[in-house]
Structures are given as C-alpha cells and as structure tokens.
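Before any comments, here is the structure.
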Amino acid sequence: MHHTVVLAAPGVNGLQLFGAVTLTFFAFASAFCLIAGLKGSDRIKIQTRDQAAIWGFVTGALWVNAGGTWADWANSFGDVGRSMTADTGFGDPGLGGSACLMLLAAWCWPFKKRMAFPAFLALSGAVLAGQAGGIPGMAVGIIRAIVSKLAGG
C-alpha cells in the first residue's frame, strides 16, 4: 500500500515563486531591464554583444509568450527582421533562415559600443525562431516553458 504525502511551503503555490505574477509581468520586466541595461544602468550591465543578444533573445521570447500588445510588438520586430532578409534580391531564405540570419548578425557583426543593435536583432531573431520552429525555436520554447511555470501556468 502506497501513500503519497505532499508538503508545501507556506506562501508558495505550486511553482509560483514570485507569488501572483503573470506572463505580462515577465514581458514588462525583461523590456524594462533590457532598456535599463542598454542605457547604462549600474545594476544591469549590458557591455558586450553577447550580453545584448541574450537579453534581446529572452525579451523576444517573453513578449511573444505574454500575448496581447506584447506579442504585437514582438511580431513587429519579427516583421522587420523578415523584411530585412526576404526582399534582398538574393532569394528567400525562409522563416528559419531569416531567424538564423538575424541571430548571426546579432552575434557576429562588429557593433563596437552600440549594444542596441545586437539586442534588437536578437529580439527579432527570437520571434522568427519561435515562428519557424527547429533548433532555434526550441530555445524559445524552453524560455516560454520555464517562465510559464514560474507564473503558475
């Protein structure tokens, strides 16, 4: 005979580590932190292309997941990225190709001290990767799953 005992810490409901927050909170918080880091916050340091690209990628994934206006903004960034890669005269790389091109540009291009460019390219790449699926889309899906669990979804 097996008995299951479930113990819960007081004040923690499931995996809601932050209490009653929604995906919108995480979308807003990521946008706020990304902008603060790009503006030179002494608490949030975005000093390299890699840091900017990571912040942009995570923010894009969170915006799409939050839905509503956040998803509209994210899709606008995705549309910009898609238009930058699809109508170049070299042929259409496809949705996944556009995502990879945006992410490669964020990671490889020498932006020097302009950290907003890799952040925005990675944000666009995250949106396109989520739409395209594949390996880049898996990273977006993992971020979405983790934050959904933190928000209690």
Helix 134-150 sits off the longest principal axis of the Cα atoms of the chain, rounded to the nearest 10 on a 0 to 90 degree scale, by 30
Cα-based Rg and Dmax for segment 22-150, in Å, come out at 13.9, 44
Counting only protein heavy atoms with a 1.4 Å probe and every protein chain in place, the carbon and sulfur fraction of the accessible surface of segment 46-136 in whole percent equals 65
With Cα coordinates, the longest principal axis of the chain makes an angle with the long axis of helix 23-39, in degrees rounded to 10, of 50
Treating only Lys and Arg (+1) and Asp and Glu (-1) as charged, each at its beta carbon, one finds that the chain has a dipole about its Cα centre, in Debye to the nearest 20, of 480
Result for the chain: accessible area per residue, probe 1.4 angstrom, in square angstrom, of 61
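The values are calculated or read from the model by the stated rules, or taken from the named source; none is laboratory data. Here the structure is a predicted model, which means the values were calculated and not measured. Cβ coordinates were reconstructed from backbone atoms using ideal geometry, including for glycine residues, and neighbour counts include every protein chain displayed. To get the accessible areas, we keep the full protein, side chains included, count just its heavy atoms, and leave off ligands, DNA and RNA. Shrake-Rupley method; radii C 1.70, N 1.55, O 1.52, S 1.80 Å.
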